[in-house]
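The values are calculated or read from the model by the stated rules, or taken from the named source; none is laboratory data. Computed from a predicted structure; not experimentally measured. FYI the Cβ positions are ideal-geometry reconstructions off the backbone, even for glycines, and counts take in every protein chain you see.
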Amino acid sequence: MRDRILNGWKDISHYLECTVRTAQRWERLLSMPVHRPSSRPRRRVVAFTDELDVWILGSASRLGSIRNSELGGMANLGATLLRLQAQTRELSAELSSMKSLLSAPAQDESVETR
């Protein structure tokens with residue numbers, strides 16, 4: 001199952017939080033997974049968010065052979081994705097505990113008055 005389809009370099013670069021030229025450079029230098037549905041090599045480009053996420057996480061081993069100036073922020077992108085995934089897990093756990101508190105029957109806490 002694919003999360004979302006990104007149509008064109010603008011959508012891809014927006015998802016990756018980089019410029020269009022940087023995204024194109026990552027495709028060329030780091031084999032970023034993009035697809036060209038037509039037979040012409042420079043025509044329409046699409047990418048799938050789940051493939052990009054996997055590629056970002058696996059890119060750490062490929063980064064050592066390329067100068068940082070050519071990466072255009074790629075090193076930070078993987079760390080950001082990992083941090084956001086951890087925050088999502090924490091927030092989901094917190095939301096689940098809040099839901100269970102809200103769905104629990106209310107305790108009768110009447111206080112006797114003297």
Give the residue that is nearest to Leu84 (Cα to Cα), with candidates limited to residues of the range 3-27 that are hydrophobic (A, V, I, L, M, F, W, C) and touching a strand residue (DSSP E or B) at 6+ places or on another chain (Cβ under 7 Å).
Ile12
Take the residues in the range 71-114 that are hydroxyl-bearing (Ser, Thr, Tyr) and at pLDDT 80 or above; name whichever of them is nearest to Gly58 (Cα to Cα).
Thr88
Contact list, first residue from the range 5-33 and under 21 Å from Asp50 (Cβ atoms) and without any contact (Cβ under 8 Å) to a residue 60 or more places away in the chain, second anywhere and charged (D, E, K, R) and part of a helix (DSSP H, G or I), beta-carbon distance below 6 Å, six or more apart or interchain, is Leu30/Arg62; Pro33/Glu51
